[in-house]
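J.: Structure provided below as structure tokens; questions to follow.
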Amino acid sequence: MTMPNSSTTYISQLKDSVGQNVTLAGWLHNSRSSGKIQFLIVRDGTGLCQCVAEKGKVPDELFEHLKRLGQESSLTITGTVRKESRSVGGYELAVTDAQIISPAEDYPISPKSHGIDFLLKNRHLHLRSQRQWCIGKIRHTVIDSIRRFFNDNGFTLIDTPIFSAAAGEEEQTLFEVDYFGSPMYLTQTGQLHLEAAAMSFGRVYCFGPTFRAEKSKTRRHLTEFWMVEPEVAFIDLDGLLELAENFVTFIIAQVLQDNKSQLETLGADTAALEKIKPPFYRLTYTEAVDILTGEKTKKFLAYQLEDLKKQKQQLETKIAELEEQQKGQLKQWQQDKIAAELIELNSDLAEVNTRIENNPKHAKLAAEFQWGKDLGGSDETIISQMHDKPVFVTHYPKEAKAFYMKTDRDNEKVALNFDLLAPAGFGEIIGGSVREDDYDLLLDRIKAQGLIAENYDWYLDLRKYGSVPHGGFGLGVERTIAWLTGEKHIRQCIAFPRLMDKIYI
Ligand code: 4AD
């Protein structure tokens, strides 16, 4: 196998090479031939480029070879760069030569769509698809902007441990591992250790993989996900909300700046993202409950049901039209295109059908919601569907939330906590709180939740030696990416997802 030499050009650099002869090194993403001309779409990790090989302008033998070249074969391809706004990426290569590095035959993922199960089984290959590539580039920006925001705002990075001796969140979601014969757990949060570090550094953050044995197959749950958690000494609830909204706004601005074309390829609503500026909406839990159980929500959900039924009708009509077209005389690429569209439309139809089925159930749950329970996924969805910017829900009942949250001294039933719900039905992306800083009250909360107090001796110490008001929050990276990109399921937002029912590869 020959290595392309160092004089190859990246597709992302083509704008600076118009009129020049360049060599690209990459993979054959797609190709079609119309007799004397072949259109080869090459990808190289930085973008896509249409390379046009004309009979007579490349050696005959090569022309025939390229015609038979399988999808995902690796190659170098040489030609003159020209600007072509109709072409993917905006530039084209008029091919003069090519070298096949390693031919691929029968690549299992063809340009027409496949079912999600098949794609997850082939994730090692599906990562090369345009969609996964776009999401991967956006994920890169999200992670980079997370680090940048905290590094530029006086926070110190602390690496908290993955092996944990006790629960940081609900005990039911702990993953137990055998640690030299004793039980140990994979961390659910770096928060408790981060609180210790905040008493040394003031403002800190940790960023890493987090594990939850969440027996939930929803689109919002992974068993391994990435969470960034800032923790700040001397901060109150208002200060935390301000930090969270500035942080989320910063991430969005970076993604809009660096990944506009990827967002557009994914069909994300960039106009809606551009409008997201502080202040975000603020509701107390009690206000949220009043909304859920009120007339406005009832009407909103009834209207939504009508709208979903209309969407269902439109999708069914479109599907029937395409199925009719399929029966006609079509070229292979036209058949593939229709097949791909049909898979998309049928998946949208399945989603709409599920929502039609769930609407009355969710309406009932909302109408009968009792003060005191945590908001469920469907309740959060309703609140977030009713807003066009993120919504903070604050002051949840303390009994429904984690032991470490500070009791509101003005209303002992609630804690100084919050969730941030992304708008347009996406739901929770951040959970956070002020921490209980009083030794006795914290010990009471630990006991009240049935936890073993000795496991938290060191954590209680932080309330013995110079306790201060402090707090923080955790933002889920995959949920944030799913919201920004409009992906329905967060499993698409991490390269190798870990799900409750299956680890594919
Ligand atoms: O609300 P959570 O459980 O908060 C904590 O873990 C706190 N200790 C954070 C803190 O205050 N330092 O989780 C925070 C966020 C959620 O809002 C969500 O975005 C994400 O983590 N998350 C998940 N993401 C994917 N799959 C799961 N199973 C998740 N569970 C939580």
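J.: For helix 295-326, report the angle its Cα long axis makes with the longest principal axis of the Cα atoms of the chain; keep it between 0 and 90° and round to the nearest 10°.
T.: 20 degrees
J.: Calculate the length of the line joining the C-alpha centroid of region 34-84 to that of region 334-375, in whole Å.
T.: Answer, in whole Å: 42.
J.: Karplus couplings for region 56-67 from phi (6.51 cos²θ - 1.76 cosθ + 1.60, θ = phi - 60°), rounded to Hz, Gly and Pro as x?
T.: x, 9, 10, x, 3, 4, 5, 4, 5, 4, 5, 4
J.: Same structure again: For region 1-79, what is the number of Lys pairs with C-alpha distance below 19 angstrom, counting only pairs 8 or more positions apart or on separate chains?
T.: Working: Lys36/Lys55; Lys36/Lys57; Lys36/Lys67; Lys55/Lys67; Lys57/Lys67.
Total qualifying Lys-Lys pairs in region 1-79 comes to 5.
J.: If you don't mind, another one. Using the Cβ atoms and a cut-off under 14 Å, what net charge is assigned to the surroundings of Gly19, where Lys and Arg are +1 and Asp and Glu are -1?
T.: Values: positive: Lys15, Arg82, Lys83; negative: Asp16, Glu84, Glu92.
Taking every Cβ under 14 Å from that of Gly19, the sum is 0.
J.: Tell me whether region 207-291 comes out rounded, prolate or oblate; compute the Cα gyration tensor, take square roots of the eigenvalues as a ≥ b ≥ c, and use a/c under 1.5 as the rounded threshold.
T.: On the way: a/c = 1.40, a/b = 1.11, b/c = 1.26.
Since a/c stays below 1.5, the shape of region 207-291 is classed as rounded.
J.: Evaluate E = 1/(1 + (r/R0)^6) for Asp410 and Ala448, where r is the Cβ-Cβ distance and R0 equals 25 Å; express this FRET efficiency to the nearest 0.05. Spell out each step's value before the answer.
T.: Working: r = 20 Å, r/R0 = 0.80.
After rounding, the FRET efficiency stands at 0.80.
J.: Just to confirm my numbers, what's the Cα centroid distance between region 195-269 and region 290-333 in Å?
T.: About 33 Å separates the Cα centre of region 195-269 from the one of region 290-333.
J.: I've got another one for you. What whole-number value in Å² describes the accessible area per residue of the chain for a 1.4 Å probe?
T.: Details: 24900 Å² over 505 residues.
Spelled out: the 1.4 Å probe surface of the chain, per residue, equals 49 Å².
J.: Hey, any idea what the orientation-averaged projected area of the convex hull of region 121-253's Cα atoms comes to, in nm²? Before the final figure, lay out the partial values.
T.: Values: hull surface 42.5 nm².
Mean shadow area of the hull around the Cα atoms is 10.6 nm².
J.: Can you give the local net charge around Ile158? Use residues other than it whose beta-carbon is closer than 14 angstrom to its beta-carbon, Lys and Arg +1, Asp and Glu -1. Don't jump to the answer; show the numbers that get you there.
T.: On the way: positive: Arg147, Arg203; negative: Asp159, Glu195, Glu229, Glu231.
My count for the surroundings of Ile158 gives -2.
J.: Related question: Considering amide H positions built from the backbone, and no H for Pro or chain starts, which residues 5 or more places from Ile276, or on another chain, come under 5 Å of its amide H?
T.: Residues meeting the amide H criterion: none.
J.: Sticking with this structure for a sec: Taking region 405-479, which GluC sites (Glu not before Pro) meet the DSSP loop condition and have no more than 12 other C-beta atoms within 10 Å? Please report the intermediate quantities before stating the final value.
T.: On the way: sites: Glu412, Glu428, Glu436, Glu454, Glu478; in loops: Glu412, Glu436.
Sites meeting the loop and neighbour criteria: Glu412.
J.: Straight-line reach from Lys318: which aspartates and glutamates fall under 18 Å, measuring Cα to Cα and dropping same-chain residues less than 8 apart?
T.: Asp307, Asp336, Glu341, Glu344, Asp348, Glu351
J.: For region 3-109, what class follows from the C-alpha gyration tensor (a ≥ b ≥ c being the square roots of its eigenvalues): rounded when a/c is under 1.5, otherwise prolate if a/b is larger than b/c, else oblate? It would help to have the intermediate numbers written out before the result.
T.: Values: a/c = 1.40, a/b = 1.22, b/c = 1.15.
Note, shape of region 3-109 comes out rounded.
J.: Using Cα pairs under 8 angstrom and six or more residues apart, how large is the relative contact order of the chain, in percent? Mind dumping the intermediate values first?
T.: Details: 885 pairs, mean separation 72.7, N = 505.
Reported relative contact order: 14 percent.
J.: Now, a different point. Sum up the charges of everything whose Cβ sits under 15 Å from the Cβ of Gln370, counting Lys and Arg as +1 and Asp and Glu as -1, but leave Gln370 out. Each step should come with its number before you reach the end.
T.: On the way: positive: Lys364, Lys373, Lys413; negative: Asp290, Glu368, Asp374, Asp379, Glu399.
Computed value for this residue: -2.
J.: Would you kindly compute the Cα radius of gyration of the chain and its largest Cα-Cα separation (Dmax), both in Å?
T.: Considering the chain through its Cα atoms, Rg and Dmax are 26.6, 86 Å.
J.: Can you tell me how region 79-165 classifies by the Cα gyration tensor, rounded, prolate or oblate, using a/c under 1.5 as the rounded cut? Spell out each step's value before the answer.
T.: Numbers: a/c = 2.79, a/b = 1.57, b/c = 1.77.
It is oblate, given that a/c is not under 1.5 and a/b is not larger than b/c.
J.: Still on this model: With labels modelled as points extended 7 Å from the Cα through the Cβ direction, what inter-label distance (nm, one decimal) is found for Ala165 paired with Glu399?
T.: Using points 7 Å along Cα→Cβ, the separation is 3.2 nm.
J.: Name the trypsin sites (Lys or Arg not before Pro) in region 388-484 that are in a loop by DSSP and that have at most 16 other C-beta atoms within 10 Å, would you? Each step should come with its number before you reach the end.
T.: Values: sites: Lys398, Lys401, Lys406, Arg409, Lys413, Arg435, Arg445, Lys447, Arg463, Lys464, Arg479; in loops: Lys401, Lys406, Arg409, Lys413, Arg463, Lys464.
Within region 388-484, the qualifying trypsin sites (Lys or Arg not before Pro) (loop, at most 16 other Cβ atoms within 10 Å) are Arg409, Lys413, Lys464.
J.: List, in the order given, every pair from Lys275/Lys413; Lys406/Lys464; Lys217/Lys299 whose Cα-Cα distance in the structure shown is over 27 Å. Present the calculation step by step, with values, prior to reporting the outcome.
T.: Details: Lys275/Lys413 36 Å; Lys406/Lys464 16 Å; Lys217/Lys299 29 Å.
In this structure, Lys275/Lys413; Lys217/Lys299 lie more than 27 Å apart at Cα.
J.: Let me ask something additional. What is the angle, in °, between the Cα long axis of helix 191-201 and the longest principal axis of the Cα atoms in the chain? Nearest 10 is fine, range 0 to 90.
T.: 80 degrees
J.: Using a probe of 1.4 angstrom, how much of the accessible area of the chain is carbon and sulfur, in percent?
T.: C and S atoms contribute 51 percent here.
J.: Report, in degrees rounded to the nearest 10, the 0 to 90 angle that the Cα long axis of helix 130-152 makes with the longest principal axis of the chain.
T.: In the chain, helix 130-152 runs at an angle near 40 degrees to the longest axis.
The values are calculated or read from the model by the stated rules, or taken from the named source; none is laboratory data. Fair warning: this is a prediction, and the values are worked out from it, not measured in the lab. Because the Cβ atoms are built from the backbone with ideal geometry, glycine has one as well, and the counts that use them run over all protein chains shown. In case anyone asks, the SASA skips ligands and DNA or RNA and just uses the protein heavy atoms, side chains included. Shrake-Rupley method; radii C 1.70, N 1.55, O 1.52, S 1.80 Å.
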